[in-house]
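The values are calculated or read from the model by the stated rules, or taken from the named source; none is laboratory data. Fair warning: this is a prediction, and the values are worked out from it, not measured in the lab. Here the Cβ is made from the backbone with ideal geometry for all residues, glycine too, and neighbour counts use every protein chain on show. SASA here: full protein model, heavy atoms, side chains in, ligands and nucleic acids out. Shrake-Rupley method; radii C 1.70, N 1.55, O 1.52, S 1.80 Å.
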Amino acid sequence: MLELKKGDEILAIVGGITTIAEARKVFADNLDEVNSKKLAQIQNEEALIKIANAITMCRPDSVFVNTGSAADVQWIREYSLNKGEEKKLAKAEHTIHFDLPEDQARLVKQTFYIINEGEQMSSLAKSVLRSEAIDYVKKFIPGIMTGKTMIVGFYSRGPVGAEAANPAIEISSSGYVLHSAELLYRNCFSDFDAETQRTGFFFTNVHSEGNNTSEDVPNARIFMDRSWMTTFSTFCTYAGNTLLLKKGNHRFSVDYATYYKVEEQLAEHMFITGMTGPGGRKTFFAGAAPSGCGKTTTAMVGSDFVGDDLAQFWIDKGGVLRAINPEKGIFGIVEDVNREGDPLLMDCLRGDGTEVIWSNVLVADGVPHWVGHDEETPDKGINSFGEWFKGKTGPDGSPVAMSHKNSRCTLVASEIANHATELSEDPNGVPVKVITYSGRDADTMPPVWVAKNSDEGVAIGASIVSKATATEVGATGVNRQPWANAPFIPGALADYMAAQFTFFNSTKFSEATRPIMAGLNYFLTHEHRGGTGSNLLGEKKDVKVWLGWLELFANGDVEAITTPIGYLPKYQDLATLFQTIDKEYPKSLYDMQFALYIDKIVDRLDLQRDAYSKEAEIPQKLFKIYENQKNELFQLKEQFGSIITMDKLV
Ligand code: SPV
Ligand code: MN
C-alpha cells in the first residue's frame, strides 16, 4: 500500500513555512527583482510553499529561477564553470565534471525510502522511518547552501500533456545538476501550472553537494519520501545520486503506477526504439535491462530511437500500448563506446556541434578518453582520481584504468542521427508491439526467446538475473534483477508483480494489439556453451539481428520453434538476418547459443521460486509457470538428454 500525503511533510517541518503568505514573504526577502518576477509566473501554491521551505531550510545566499530561456540556461552553464563544477574542454560545447572518488556511481547503501510505520517495502530496498529521516534532515540540511546559489527548475518527465507525463521541480545548489537537467529533461516552466492541474501532483527534488569533499561523502544520503513525492540528496554530485528527476522520480512513478494506476499505467527501466521491417513498416520496442547491460546500445540499434533508460506506458482507447520517454537526453556509460559498436553516438562525441557534459573520463590536452574507445590512448592525463599515466598501479599493484567503468556522457538525444525527435515529442507516445527483458547472463538463457503468453512474459521480467556492474557502489556477484527495475521499486515486489500481470493481461488489448514479450541475452560466453574461454559468443552488432528477428516474429513473418521456455528462432531466419549485417552465422554458433541447457534453466527456475517463496503474497500463477516449465523441461531431458539443440525440436 501507499498512501500519499501521509505523515509529516519534512520540508514544511524543517522549513517552517505553511501558508502562501509566508512563502511570498520568503521570496521577497531572498529573491532579487528579476528572479521574483520569474517566480511570480508560477501559480501553484503548493509548489511555491515547497520552494519557500527549501529556501528557509537550505539558506542559500541567493536564488536563481530557471525559466529554461536561452539566457537562463547560459547563466547555469557559467555558474557551473565559475564554481569549478565543470571545466571547458577543447571542443567548444564540451565540459568535464568530476565526481569525488567515493561518489562514482549510485550510493545504494546510502539510499533510502522514507516510510511511515507499518508500510510494506520491497525486500530489495533500504528504508528509513520518517522520524529518523527528519532527524537527519534537521541535523545536516539547514544552512547547507550558505555561500551558494539555489537554482530552481521546472521540468516535465515526458512530452507536456502526455497521459503518463509527470511534472517535477528540481532544486539544487549545483550548476552541474541543473545543467544536466536541462539536457536530460523538458523544461516546462510555462506549462508547470497546467501540468500539475492535469496530473494532480508533482515531484519535488532538493539537492545540495555541501562542501563537496570526500570527508562528507559518508554523510551523504539519498532519501525518497514516497508519501510526499519528495527527494532529498546531500553531500554527493554523481547524477544518479543527485539529479533525482531521473531515478528518484522514476521510483515515485513506479509507486504511482503500482498503487494508483493499476491496468492503466506502468513506469519501467526500459529503452524505447523503433525497428524498420519489410516494406518500411515500423515496429516499436521497449526493453528492460539492468544498469550497464547494453540498454543504450540496444536503443540506438533501432531506426527510430526514442529513449535509452526510462519508459512510461499506458493503454490508449484503441487498445494500443503507448510509451513515452520521460527524458529527452542520454546519461550514457562511455566505457566500450566506439566506432564499431556505437557509430552514431561516436559521431556526437567526436564530432562538432553537440553539447556534451563528460563525467569521470580521462582528460588529456582537453580531449576526453575512456577505456574501450578503440582510439590511441594518451600517455597521461587527469581523471576523477587525479593524475593518471600509462602503467599507473593501485595500492595492490594492479593496473589503474584511465577512466572509471561508470564514466558517462550527457547529451540531448535528438543529437543522435537516428533519434525520432518528432515522435519522441508527441504526447501520444509511440505504439509499442514488443517488450524485452535482459541481463548479463553468461550461461543460461539464449540470445532471444519469446513468451508464449502475457503471463509467461511477466515471468520473464520477474526472472532476470544479472552480473553486478559498476553503476552501483559496492555491488558484486550475480543477482536477481526483477524487471531490471528492482532498485527502483519502492513497494512490495508482490504488488508490483500483480500490477504487471493485470496490465499485460488487460482486456483493453485486442489479440492484434497485445504486445509480445521476450527475453534477450547478449552475454553468453564460450566456456559455458561447450567452448573454452570467457569471451562472449556474440558481438554488439548482433543486437540488430535479435531485434530484427523479433520484428519479423511480432508481425507474423517468421515461424518459431516451440520450447518449454517459449518460442525460439529457426536457424535459417537468423542466418538471413545476419547477412544484412554482413556476417556469417555458422550453424555451430547457433547451436551453442540456442541449445537448451536443461539443468541450468531448471536451476534458474528453482532459484527464482525459492527467492519469491520468501516474499509475502506473490501471485500464485508465477509459481505455476515455473512448475509447468520445469515439468516440460524434465520431459525433454528424458527424451533428448540435458543439452538439447534446436534440431531435435523443429
Ligand atoms: C543507471 O545506473 O541505471 C542509470 C544511471 O541510468 S543512474 O542515474 O545512476 O541511475
Ligand atoms: Mn538506468
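All of (1) open to solvent by less than 60 Å² (accessible area, probe 1.4 Å); (2) on the phi > 0 side of the Ramachandran plot hold for PHE594 with one exception: (2). Taking each residue of region 407-426 that is among the β-branched types (Val, Ile, Thr) and looking for partners that are assigned to a loop (DSSP other than H, G, I, E, B) with beta-carbon atoms closer than 8 Å, six or more apart or interchain, yields VAL412/LYS328; VAL412/THR354; VAL412/GLU355.
Does ASN479 qualify as being within 16 Å of ligand 2 (Cβ to nearest atom), open to solvent by 50 Å² or more (accessible area, probe 1.4 Å) and not in a helix (DSSP H, G or I)? So ASN479 passes the test.
Per this entry, THR296 is counted among residues that are under 24 Å from the mean Cα position of the chain (by Cα), open to solvent by 10 Å² or more (accessible area, probe 1.4 Å) and either within 16 Å of ligand 1 (Cβ to nearest atom) or assigned by TED's automatic domain parsing to the domain that holds SER506 (or both). Applying the criterion of being assigned to a helix (DSSP H, G or I) and of a type in the set (Phe, Trp, Tyr) to the residues of region 233-276, the residue that is surrounded by the most Cβ atoms within 10 Å (Cβ to Cβ) is PHE252.
Each residue in region 134-177 was checked for being open to solvent by 10 Å² or more (accessible area, probe 1.4 Å) and farther than 20 Å from ASP99 by Cβ, and 13 pass.
Taking the criterion of being under 23 Å from the mean Cα position of the chain (by Cα) and among the aromatic types (Phe, Trp, Tyr), the residues of region 96-146 that qualify are PHE98, PHE112, TYR113.
Remark: ALA560 matches the filter, which requires a residue to be small (Gly, Ala, Ser) and open to solvent by 10 Å² or more (accessible area, probe 1.4 Å). The requirement of being within 16 Å of ligand 2 (Cβ to nearest atom) and in contact with a His (Cβ under 6 Å, 6 or more places away or on another chain) is fulfilled nowhere in region 398-411; no residue meets it. What do you reckon, is SER180 closer than 18 Å to THR237 by Cα, crowded, with 24+ Cβ neighbours inside 10 Å and more than 18 Å from the chain's Cα centre (by Cα)? It is false that SER180 is closer than 18 Å to THR237 by Cα, crowded, with 24+ Cβ neighbours inside 10 Å and more than 18 Å from the chain's Cα centre (by Cα). Of the residues making up region 410-423, at least one is within 16 Å of ligand 1 (Cβ to nearest atom), open to solvent by less than 10 Å² (accessible area, probe 1.4 Å), in contact with a Leu (Cβ under 7 Å, 6 or more places away or on another chain) and within 29 Å of GLY158 (Cα to Cα). For region 577-590, the set of residues classified as closer than 16 Å to ILE561 by Cβ and open to solvent by 40 Å² or more (accessible area, probe 1.4 Å) consists of LYS587 only.
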